[in-house]
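Only one structure is covered here, and it is reproduced in the block below.
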Amino acid sequence: MISYQLSSEMGHVFRWSDGVRATIPLVDARGLPPNPEAVEYRAWLAAGGVPLPAELRPAAEIAAGLRLALAAEYRKHIQVIAAGYPLSERESWPVQTEEARALEADPAAATPWIDAAALARGLDRLVLAKRIREKDDKYRQVHGLLTGTRQRIEDQIDAAADDALALSQIDVAAGWPAAPV
């Protein structure tokens with residue numbers, strides 16, 4: 001889709017096509033006939049086209065920037081709930097929760113990870129399993145809240161579609177829940 005954007009400098013506009021910007025001179029200072037791109041722009045205007053204001057970028061460019069900023073904002077918030085846990089420990093969370101749930105269902109279940117960690121910590125394996133389940137439940141709730149917030153903002157970006165003005169008013173840093181305690 002082609003869109004046009006006014007320039008803050010007189011005498012030309014920008015044509016956007018597939019995220020690529022081209023400068024279109026509207027007048028030829030040498031008195032030559034208008035270039036084909038300027039004629040095309042004027043026909044687009046005559047057909048009811050409305051150019052973007054000079055300060056706005058095309059919707060596709062704004063949306064792409066919003067998505068990148070949203071991904072960074074989400075990572076920042078998710079990192080808060082993962083802080084304090086080394087990556088190698090976080091990688092074991094699915095094993096920990098699987099074993100904790102197995103112990104919840106059957107106190108005689110084989111749980112090599114929990115058994116080793118409980119022995120090293122001097123804890124009963126059922127006590128450690130309960131702690132793991134409680135932390136996992138809290139983590140899932142906060143993770144769901146943060147992921148839902150990210151998805152809500154993505155929905156706003158999707159709903160604005162090709163409306164550059166609406167897209168420019170989306171703040172990906174706003175509306176996030178407070179950091180968990």
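The values are calculated or read from the model by the stated rules, or taken from the named source; none is laboratory data. Not measured: the values here are computed from a predicted model. For neighbour counting, all protein chains shown are included, and Cβ atoms are generated from backbone atoms with ideal geometry for every residue, glycine included. Protein only, heavy atoms only, side chains kept; ligands, DNA and RNA dropped before computing areas. Shrake-Rupley method; radii C 1.70, N 1.55, O 1.52, S 1.80 Å.
For segment 52-181, relative contact order (Cα pairs under 8 Å, six or more residues apart, normalised by length) works out to 41 percent.
Remark: the Cα gyration tensor places the chain in the prolate category, a/c being 1.5 or greater and a/b exceeding b/c.
Can you give the helix-only mean residue ellipticity at 222 nm for the chain, where every DSSP H stretch with n ≥ 4 adds -39500 (n - 2.57) and the sum goes over all residues, rounded to the nearest 500 deg cm²/dmol?
Working: 7 runs with 103 residues, N = 181.
Here the helix-only value at 222 nm equals -18500 deg cm²/dmol.
Placing unit charges on each Cβ (+1 for Lys and Arg, -1 for Asp and Glu) gives segment 76-177 a dipole about its Cα centre, and among 165, 113, 94 the Cα reaching farthest toward its positive end belongs to 113.
Each Lys and Arg contributes +1 and each Asp and Glu -1, all at the Cβ; summed about the Cα centre of the chain, the dipole is approximately 400 debye. Can you pull out the GluC sites (Glu not before Pro) in segment 89-168 whose DSSP state is coil and whose Cβ has at most 13 other Cβ atoms within 10 Å? Filter output for segment 89-168: 91. Calculated accessible area for segment 25-181 comes out at 63 Å² per residue, all protein chains present (probe 1.4 Å; ligands, DNA, RNA ignored).
GNM remark for the chain: springs join alpha carbons under 10 Å apart, and the peak mean-square fluctuation among 148, 11, 122 falls on 122. Farthest towards the positive end of the charge dipole of the chain, among the residues 25, 83, 153, is the Cα of 83, using unit charges on the Cβ of Lys, Arg, Asp and Glu. Taking Cα atoms only, the orientation of helix 125-160 departs from the longest principal axis of the chain by about 10 degrees.
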